[in-house]
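These notes are about the structure you will find just below.
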Number of protein chains: 2
Amino acid sequence: MRIAIDAFGGDNAPLEILKGAVLAKQYGEQLVLVGSEQEIRNCAQENGVDLSGIEIMDAKTVMDMHDEARAVLKAKADSSMSVGLRAVAAGEADAFVTAGPTGAALMGATMIVRRIKGVKRPALCVVIPSAKKPYLLIDCGANAECRPEMLNQFAVMGSVYMEKVMGYENPRVGLANNGAEDSKGTELQVEAYKLLKANDQINFIGNAEGRDVPSGDYDVIVADGFTGNIILKLTEGLASALMSMLKEVFYQSTISKLAAAVLKPGLRGFKNKMDYTKYGGAPIIGLQKPVVKAHGSSNAEAIKNAVRQAIDWSRSGVTEALAEKLGRQTDAEE
Amino acid sequence: MRIAIDAFGGDNAPLEILKGAVLAKQYGEQLVLVGSEQEIRNCAQENGVDLSGIEIMDAKTVMDMHDEARAVLKAKADSSMSVGLRAVAAGEADAFVTAGPTGAALMGATMIVRRIKGVKRPALCVVIPSAKKPYLLIDCGANAECRPEMLNQFAVMGSVYMEKVMGYENPRVGLANNGAEDSKGTELQVEAYKLLKANDQINFIGNAEGRDVPSGDYDVIVADGFTGNIILKLTEGLASALMSMLKEVFYQSTISKLAAAVLKPGLRGFKNKMDYTKYGGAPIIGLQKPVVKAHGSSNAEAIKNAVRQAIDWSRSGVTEALAEKLGRQTDAEE
């Protein structure tokens, strides 16, 4: 298997990406760094990073935050992101990992790697820790405006991912909504509820109110991309606000500092549990090949995890299962 | 001033409501408990609650969770909620506090107490603690589907409330959105952004992503009722999930329990800071008189706080300011 990695995506590129690739050698697959070969070699040499065994695929430019997303298709077709995506589309790599701009990654993945037949829209998802088992949030930002049938497909896509990649059995699906009753929500949720309830390809257990989302009682939370984005970022923001408030408690006095030191191993475990980079990046699901969007602030460890995720996903049979399920769905609609 | 209190609203009625009313006597205003006089007297006697100085306004029935919201208007016009709202509308009370069902309280408040001239839709809001100062979230559930002009009014309503009731100077308004750039969001947010930016009655500082919402960098977060409901309940759910995970850390061993005991006063302060019942209930704003929807699980302390909030609000001049600002806005549109 060959995994292509965007060497120039994200805030810490290229050094942390190179280091992440080196860490990911442990998985035994062929890794391919995509980006300016000259700069990659220089960076590796300056920082004593040993890239032996890792291939380099040259690309002249970089997609940056200020580029229009569509530039990935033409104006910046020579960017590391674009070259990597084309390598995947051409079968020269089995999956692609990038920490570059989300909008460009979504547009490039959709137009270059292309959708699985029957998929209306690829979705961006994230595995998020909860008090119990982690859950998958889909869509968390690819499609701000959705139709009910899209949410219904997201449910299938999310369920297959959790089953095949994360090993969940018969994942419980919830629809993010403003109440538990089936008549709740805007027109979108009301209609999506009916489709989800009638869908025998998933284990839909009902509406999930905001307070139920992080409870661990749902394995897949389905939302339009606007709502999903709010859920994802509010989760990040609250976790960090609460942690900083707790730190204040710990640093109040000498004795509280001592007490906090005693609790340190437990708190580290807690922090670890809440760290969702350990599940990798955000899968862009619904494509013919796996594309993982790693967080823009990814360090080497996060890149390594995203590579492992791309490998697991590539091996998992998600794509084949979705082609079968959603192709069937489309046929039935026709 | 006379504050009417629904004696039969919420999970802990009537006992906790009666106790809350007794606690609220300290504010020196005339309190009026609304509900079956017989049952109120019996409950007070059985539990040794001294209701001296508190009036009772008899009402035969109760709005419960299973009633249709509209029942408050006719079928259950003899309920404590309906009688209380009519007392406010008739000028027999200056404000109303209820922990009864939200849908019925919204419908009853809108149709019985009625809107301020110029207000398109009353909104439900909540003051939520943040790492710094608390912020107001508006709308958090009254209007699942909104038009851009409604969000623009919510911004004015929320700003006036924070200024007049909470004492904030020139409150900073943010629009809950899926990105910081002004073109972000669905059509609703894109259009609302333009209106907010052009509105000289508010201090609009831009879009607030999910992670910015609890940062304390915004004093008023404007959202449609669907998104606001998700934000409110996810905040509740995450805070409680994180607290229970922390408890696990504390109860891991004898020594961690000792350390946690040392930190207890600080943690209590933290818990206190996060407790939003101290700001009262959820104001239903945009009405001719204050109506406070207290949490369904309110205890005596929460009811007392909601009464104090109703008094502050009634004195604050919010209604007059909104009549002036939103009446003017409507005139300008005509």
ask   = Where both residues lie in the protein assembly as shown, what percent of DSSP beta bridges are antiparallel, nearest 5?
value = 30 percent
query = Which of the GluC sites (Glu not before Pro) found in segment A:124-179 are loop residues per DSSP with 10 or fewer other Cβ atoms within 10 Å of their Cβ?
reply = A:GLU169
Relative contact order of segment A:120-280, defined on C-alpha pairs under 8 angstrom at six or more residues apart (%) = 29 percent
request  = Output, in nm with one decimal and in ascending order, the distances from the B:GLY317 label point to the matching label points of the other copies (7 Å from Cα along Cα-to-Cβ).
outcome  = 7.2
task = Look at the axis of the rotation that sends chain B onto chain A, then give the chain B residue with the nearest Cβ and the distance in whole Å.
result = B:ALA259, 2
ask   = Which of the residue pairs A:LYS74/A:LYS289; B:LYS184/B:LYS289; A:LYS76/B:LYS184; A:LYS304/B:LYS233; A:LYS164/A:LYS271; B:LYS74/B:LYS278 have a Cα-Cα distance greater than 25 Å in the structure shown?
value = B:LYS184/B:LYS289; A:LYS304/B:LYS233; A:LYS164/A:LYS271; B:LYS74/B:LYS278
message = Under the 0.36 nm per residue contour assumption, what length would be gained going from the current alpha-carbon distance of A:LYS264 and A:GLU191 to full extension?
response = 21.5 nm
task = Choose one answer from A:MET81, A:MET166, A:MET65: the residue with the largest mean-square fluctuation in a GNM of chain A with alpha-carbon springs under 10 Å.
result = A:MET65
key: Tensor-based shape of segment B:158-248 (alpha-carbon gyration tensor, a/c under 1.5 rounded, otherwise prolate or oblate)   = oblate
query = Relative to the other copies, what are the label-point distances for A:VAL190, with labels 7 Å from Cα along the C-beta vector, expressed in nm at one decimal and sorted shortest first?
reply = 2.5
ask   = Rounded to the nearest 500 deg cm²/dmol, what is the calculated helix-only ellipticity per residue at 222 nm for chain B, with -39500 (n - 2.57) per DSSP H run of length n ≥ 4?
value = -14000 deg cm²/dmol
query = Hey, how many Å between the Cα centroid of segment A:1-24 and the Cα centroid of segment B:43-82?
reply = 65 Å
ask   = Placing a label point 7 Å from Cα toward Cβ, how far apart in nm is B:SER52 from its equivalents in the other copies, listed shortest first to one decimal?
value = 9.3
ask   = For the pair A:SER52 and A:ASN272, what calculated FRET efficiency results from E = 1/(1 + (r/R0)^6), where r is the Cβ-Cβ distance and R0 = 25 Å, to the nearest 0.05?
value = 0.20
query = Which FRET efficiency value, to the nearest 0.05, is calculated for B:ALA323 and B:MET65 with the Förster distance at 41 angstrom and r the Cβ-Cβ distance?
reply = 0.75
request  = Mind running the shape call on chain A? Use the C-alpha gyration tensor, a ≥ b ≥ c as the square roots of the eigenvalues: rounded below 1.5 for a/c, prolate if a/b tops b/c, oblate otherwise.
outcome  = oblate
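Quick note: the coordinates plus some simple rules give every number you see, no bench work behind them. Keep in mind that what you see is a predicted model, and the values were worked out from it rather than measured. Here the Cβ is made from the backbone with ideal geometry for all residues, glycine too, and neighbour counts use every protein chain on show.
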